[in-house]
1. Taking only pairs six or more apart or across chains, which ones have beta-carbon atoms under 8 Å, a first residue in segment 518-530 that is assigned to a strand (DSSP E or B), and a second residue that is within 14 Å of the ligand (Cβ to nearest atom) and modelled with pLDDT under 90?
2. Consider Glu405 carefully, then state whether it is acidic (Asp, Glu), within 16 Å of the ligand (Cβ to nearest atom), under 30 Å from Arg54 (Cβ atoms) and in contact with a helix residue (DSSP H, G or I) (Cβ under 8 Å, 6 or more places away or on another chain).
3. Consider Glu133 against the criteria (1) part of a loop (DSSP other than H, G, I, E, B); (2) of a type in the set (D, E, K, R); (3) under 14 Å from Leu482 (Cα atoms): it satisfies all of them except one. Which criterion is unmet?
4. Can you name every residue in segment 106-123 that is in contact with a strand residue (DSSP E or B) (Cβ under 7 Å, 6 or more places away or on another chain) and of a type in the set (Gly, Ala, Ser)?
5. Can you spot a residue in segment 423-430 that is within 16 Å of the ligand (Cβ to nearest atom) and not basic (Lys, Arg)?
6. Just a yes or no: is a residue in segment 262-277 modelled with pLDDT under 90 and in a loop (DSSP other than H, G, I, E, B)?
7. Given the conditions (1) at pLDDT 95 or above; (2) within 16 Å of Val222 (Cβ to Cβ), and given that Gln517 satisfies all but one, which numbered condition is not satisfied?
8. Considering each of Phe463, Phe458, Phe480 in turn, give the residue that is within 16 Å of the ligand (Cβ to nearest atom) and more than 23 Å from the chain's Cα centre (by Cα).
Amino acid sequence: MHTNQKCAKTARLTSERTEMELVRILFTAAAVLTGCFFFRLYGLAWINSARLARKLRKQGVRGPPPSLWSGNTSEMHRIQAEAKKRQQQPATILAHDYTSTLFPYFEQWRRRYGSLYMYSTGSRHHLYINDPELVKEMNLLVTLSLGKPTYVTRTLTSMLGNGILRSNGQLWALHRKIIAPEFYMDKVKGMMEIMLQSTQPLLQKWADTVDAQGGLMADIMVDEDLRSLTGDVIARACFGSSYQKGREIFSKLRSLQKVLSSQQGILFSGVPSFRFLMKKKQKEAMRLESEIEGLIWETVKERREKWSETNEKDLLQSILEGAMNDDSHLNADASKKFIVDNCKNIYFAGHESTAVAASWCLMLLALHPEWQDRVRKELSEVCVNGTPDSNSLLQTKEVTLVIQEAMRLYPPGAFVSREVLEETQIGHIVVPKGVYLWTLIPTLHRDVDIWGPDANEFKPERFANGVSKACKVPQAYVPFGLGPRLCLGRNFAMVQMKVLLSLIISKFRFSLSPAYQHSPAYRMIVEPEHGVQIVIHKI
Ligand code: HEM
């Protein structure tokens, strides 16, 4: 009996030990697997980032020392927080340089390491290129090896699909080949009537506001009016006779943009109880996406049915023909996606940036009434009865100088960003595959070595003899980006701003409102945080 009990106890102990051993083995295996998983996820990326750093260091590129896992991320957060604390007061307008408040770590590192340096965000390795000669080399490179950074554009998938703004390689080249001819200068000249017509309601609205405020002057916020104008112009240029449907599509795209940016706000707030809100926003975004797609597709079908009757050749028609063309090699689904995505891309690329650039132009013109006078004088000389039309506007020069100078000091697009898809030689540097390149446009545009000691001043006359005479390295003037991915709509944007500003200046005198707060803010583009408020007088 005693022996039996002993045996049973031993057996129980052995079985417990075996179970414990098994649990220990399972636990160790799980820990090893988790370790492997995280190593695959972060470790390999980290090793890769360190390898890229080594390759660049060998070529003499320096940069802030990174920490083991997060690279320079915590330093970036610290510098950003310190800059925010310092920026309690609204900026004074005369000091146009906002780069050290909006992009403080880039500025601090530039002062320490010069205009070419590297930094890391943990698993990603970046190269800051603001050296004018290297920017010039990048500008001249014709290659598919530099694309849009996929980790940045991934967050914009629902807004942009796989259209021209997001795609890389051969697919991008196809988009560009089809869309680019629609924005050649002779085509854009043909769109001037649309631009002139679309500006009339804005002029009327501002004149009515002056009347409503006593007939002498009115204090107005320009930004929303400019946004709705540029949206209207793009809708007409894109959709021609289907313009009403175009407006509906664009108004839904604007709602989608708002939903997506509010989604990001919730995400960054980090409050878990807001998850239900996220879900609601996601549903709303999906609903809008499918409505937009449906509307664009309906328009395309109507077009196809009337294909032979109309000789209409607007942007939509060209995208449509391009996608259906035999040598585009797109199947039915792919061509549908091609059309829908590019309509969205043109809208997003085209209307916000032009509106913001026009806001900055008005702010600077309000500060410099002498330039309003110069533009007005030229208009009165060139235009019949002083009323600008498409022929006379093409001969005017003064307003172009103002736009060029405003785009130098306040370029809406702050960065040129690239992912190095294949090892690429840029000047004396061989940049390995996997590095992300960043060029900070406003810093280049204020570089005293390029522009001279008055780089921070508003002096449109510097462009009187062209960009090449305005600065030492003309390829470093890049308000519309550079190289093969240079903005497709630059002619369109320049002509539209020229039309808009000329018409406004011919009808109104204006100055900055006392309520205007100067605070450039970076929200994908650099825009006036509190809008541009001006006091207008009818002429
Ligand atoms: C003042 C107004 C505008 C500014 C400041 C601006 C600026 C830019 C910049 C900086 C880029 C990136 C270039 C690069 O990465 O090198 C870009 C790309 C682009 N922009 Fe604009 N843009 C403006 C207006 C427009 C308009 C009106 C349209 C069309 C109607 C347009 C269509 C595009 C497209 C399609 C791209 C992508 C080109 C590609 O990746 O191949 N933009 N723009």
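1. Ile525/Glu352
2. no
3. (1)
4. Matches in segment 106-123: Ser120, Gly122.
5. Yes - at least one qualifying residue is present in segment 423-430.
6. Taking every residue of segment 262-277 in turn, at least one turns out to be modelled with pLDDT under 90 and in a loop (DSSP other than H, G, I, E, B).
7. Single failed check for Gln517: (1).
8. That would be Phe463, the only listed residue that is within 16 Å of the ligand (Cβ to nearest atom) and more than 23 Å from the chain's Cα centre (by Cα).
The values are calculated or read from the model by the stated rules, or taken from the named source; none is laboratory data. These numbers were taken from a predicted model, which means no experiment stands behind them. Backbone-built Cβ (ideal geometry, glycine too); neighbour counts: all protein chains shown.
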